[in-house]
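What follows is calculated from the coordinates using simple rules that are stated; it is not laboratory data. Small disclaimer: the values here were computed from a predicted structure and weren't measured. Positions of Cβ are generated from backbone atoms using ideal geometry, with glycine treated the same way; all protein chains shown enter the neighbour counts.
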Amino acid sequence: MPSAGRLASFLEEAGVVGGAGRQTAAVTVGTSSDVGSGGTDDVTTPRSEFASGGWIILAWASITAALTGPGQTIGVSVFIDFFVDDLSLSRSQVSGAYLVGTLAGAAALPTIGKLVDGRGVRVMQVIIGALFAAALVNMSFVNGLVWLAIGFAGIRFLGQGSLTLVSNVTVALSFTRQRGTAIGIFSMVTSGLMALVPVALNATIDGVGWRDAWLYSAGFIALTVVPIGWFGLRSLPTGTTVRRGTEAPPPVASDGSFTRSEAVRTRSFWMLASVSAAAGMLGTALNFHQIDLMGEAGISASSAATLFIPQVLGSTLAGLFVGYLSDRLGTRYVPSAGMALLVIAHLVAGVMAPGAIAIIYAVALGGMGGAVRTGVGTLLPSWFGTGNLGSIQGLLTFLNVVASAVGPVLLAVAQTGFGSYGPAAALLAVIPGAALLFSLGTDSNRREIISE
């Protein structure tokens with residue numbers, strides 16, 4: 001099919017309401033050349049996964065991922081000044097509590113991954129959603145440094161970590177042939193909705209105060225995430241070992257899924273881990289310090305805040321574009337491209353200035369996030385299968401969360417040492433540079449299992 005036909009087919013998918021029956025075979029894995037290669041002997045038509053309920057599940061997963069916002073850095077940052085002023089804490093103390101809370105919360109994520117495999121995304125989303133709401137209620141009562149650190153641990157573990165993990169696994173489980181496109185759309189919608197989180201939280205704080213804003217957030221989560229899990233994920237009731245439409249889980253050996261212990265012994269896992277960790281570490285660091293970084297370059301706080309718009313746009317377009325191409329050309333080198341964009345973002349940050357430079361920086365940083373999320377999200381089940389996807393994704397999420405906790409501190413230390421953000425950001429470009437080189441390697445231990 002010519003490229004124009006492919007684009008027309010992709011656009012047609014967005015409005016499809018009917019189609020072939022859903023695929024009932026277990027998810028299988030292969031090398032990157034197999035991902036989305038398509039073939040004349042494919043049993044499932046490209047539209048069937050979306051048409052037979054896939055769009056609905058994708059929508060629920062995207063909304064759920066966006067609603068982790070109060071537990072993400074983009075949401076927590078809205079409350080930082082209130083913690084400093086009302087709790088009589090310094091910014092370094094709040095940052096330290098955030099670091100400790102994030103690391104403590106991350107420790108249990110591999111266990112959550114196992115529970116997702118055993119109990120299923122539906123049950124786990126209901127449980128985690130309820131606990132996340134309770135953790136948000138707790139944040140409204142914090143009155144000191146220790147309580148703040150405990151509160152951070154709760155919302156980071158349950159929101160940023162566990163609920164995000166469940167959403168990612170839900171999408172990976174629900175699609176096979178069009179997984180790349182689905183994850184690209186998932187990334188696009190989540191990024192767009194997530195950009196609204198600080199706006200909504202700011203408006204709520206202006207209306208009811210910061211403590212009650214946590215309570216309003218808790219109520220909203222309880223009334224959305226929990227029902228979505230219970231009623232919206234009925235077609236995924238028993239975990240990652242069961243595909244939509246199957247009646248019984250296939251034996252693990254039938255689809256060649258890796259166990260977590262097998263996965264961590266491959267170079268491929270550490271390729272994905274290094275790219276994901278570098279993206280989490282430095283993406284969080286740059287976003288956490290963005291207002292200060294821009295201010296040093298003569299960009300006002302209001303102008304710096306508006307740069308999140310081209311950043312979200314870059315993330316949205318990159319995620320959608322990468323996802324679409326991955327189903328047709330494969331995603332093997334997408335993580336490497338993401339690291340190249342992160343290197344560019346750091347180098348541009350080193351010479352930050354108002355105007356075009358700032359916009360290039362924002363687009364590159366956003367594009368990096370979209371490319372890495374889509375590439376890693378597509379390759380993980382493609383290389384390691386879905387039988388133990390929760391466990392493997394849980395470990396990868398743990399590493400990403402730990403890295404994201406270290407990132408803001410690392411950039412702050414470098415900025416203190418150099419006296420400005422420019423050389424600090426340029427120096428840290430060596431981290432994504434190293435991850436880029438490592439991700440270009442090959443792995444002879446990755447099994448090749450062909451879909452039938």
Gyration tensor on Cα atoms of region 87-153, a ≥ b ≥ c root eigenvalues, a/c under 1.5 rounded, else prolate if a/b beats b/c, else oblate, says oblate
Provide the packing ranking of 361-370, 267-276, i.e. peptides ordered by the mean count of other C-beta atoms within 10 Å per residue, highest first.
361-370, 267-276
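Taking neighbour Cβ counts within 10 Å as the exposure measure, how do ILE221, ILE205 sort from fewest upward?
ILE205, ILE221
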Sort out for me the Cα centre separation of region 292-317 from region 136-191, rounded to whole Å.
23 Å
With a 10 Å Cβ neighbour count serving as the proxy for reagent exposure, in which order, fewest first, do TRP55, TRP230, TRP383 appear?
TRP230, TRP55, TRP383
Debye intensity ratio in log₁₀ form over the Cα atoms of region 254-441, taken at each q of 0.17 Å⁻¹
-1.03
Tell me, what HN-Hα J-couplings in whole Hz come from the Karplus equation 6.51 cos²θ - 1.76 cosθ + 1.60 at θ = phi - 60° for each residue of region 369-374, using x for Gly and Pro?
x, x, 5, 5, 4, 6
Which peptide among 175-187, 422-434, 65-77 comes first, and what is the full order, when sorted by highest mean count of other Cβ atoms within 10 Å?
175-187, 65-77, 422-434
From the phi angles alone, apply the Karplus equation (6.51, -1.76, 1.60; θ = phi - 60°) to region 273-282 and give each ³J(HN,Hα) in whole Hz, x where the residue is Gly or Pro.
5, 5, 5, 5, 5, 5, 5, x, 4, 8
Which whole-number percent gives the relative contact order of region 47-239, counting Cα pairs below 8 Å spaced six or more residues apart?
41 percent
Amide H contacts under 5 Å for GLY350, restricted to residues at least 5 apart in sequence or on another chain and with H modeled in the peptide plane, are ALA426
What is the order of SER391, SER174, fewest Cβ neighbours within 10 Å to most?
SER391, SER174
